[in-house]
Amino acid sequence: MLWKGALTAVALFACAASAGFVNITCLDWSPDGKSLLFAQEGVLYLGQAPNGGHPVQLTPDTTWISWARFSPDGEWIVYVTPVEGGYALWRDWIADKEPEQLLFSESPMYQPTVAPSGTEIAFVSETDSQRDLFLYDLESGETVQLTHTPFQEACPDFSPDGTALLFVGLWSTGKGGESWDIFVLDIESGDVEQLTDDAFFDWCPRFSPDGEWIAFESNRSGHSDIYVMRRDGTDLTPFTYDEWRDAFPVWAPKTGEMIAFASKRVDGWVILAEGTF
């Protein structure tokens, strides 16, 4: 796959005057390729792909949502909110329909993502200050703990075939420090493979539609840029190279011909998209 660096679009939020978005904390591309889902300041918005233009507010200002993902059919999204006594995992239809609370937990839950089958949701949960990966079955209502690692975990993402989960872990560098590195979990066997092992901040990895590539944020250049690498961690290549924080990469559905990402500029966050080949 060849990477080209021509910026194709920039989105500015009209309600933020001449500045960009206030604070983007997640980004996802709808399966039909038409929309981008993102959160800013605890509220979810749906904007036009590939730049998030003409955003429509999906959730009220009275809730706080920092992370959301589309279902494989694009008809609903998942997210977590704080509720009285704990946290709730929600399924919320894009159409005019009341959100459904799927799961309640007294322990914090974070960053849900939906399996390609649409029948399971992976998420991070915290118990006694330890974060691990869990899997919720929509049909049975059962929750299974997937990992029991000695390090913190975040940002799960399913492989296109649903057999594996990408995630980041706060891993010891072996030099008296810790850094966020990228791992992949085989869901059936429970085996964990480490793909990066360095002192840099690696965050929010996402599989390409064919499962052959991974895009992620990393500060290994001195600034936070988007990088891509093969599924096995080889051929690490910068996708962006600038002075800004570039974060939350997401591949164009089906083709993977573009990667959209959020970029923190002087006047706020903007959403950009670049071609991959």
### Query
For the range 61-109 and the range 121-188, what is the separation of their C-alpha centers, rounded to whole Å?
19
### Query
Cross-link partners among aspartates and glutamates for K97, C-alpha distance below 15 Å, same-chain residues fewer than 8 apart left out?
E75
### Task
Classify the range 7-275 as rounded, prolate or oblate, taking a ≥ b ≥ c as the square roots of the eigenvalues of its Cα gyration tensor: rounded when a/c is under 1.5, otherwise prolate if a/b is larger than b/c and oblate if not.
rounded
### Task
Could you go through the range 88-99 in sequence order and give the Karplus-derived ³J(HN,Hα) for each residue, using 6.51 cos²θ - 1.76 cosθ + 1.60 with θ = phi - 60°, rounded to whole Hz, and x for Gly and Pro?
10, 9, 10, 10, 10, 6, 5, 5, 6, 8, 5, x
### Message
Check which residues have an amide H placed less than 5 Å from S35's amide H, if you skip close sequence neighbours.
### Response
S30, A49
### Query
In whole Hz, what ³J(HN,Hα) sequence does the range 236-247 give by Karplus (6.51, -1.76, 1.60; θ = phi - 60°), x for Gly and Pro?
5, 9, x, 9, 10, 8, 8, 8, 9, 8, 9, 8
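Each value in this text was obtained by applying a stated rule to the coordinates, not by laboratory testing. All figures in this text were calculated on a predicted structure; none of them were measured in a lab.
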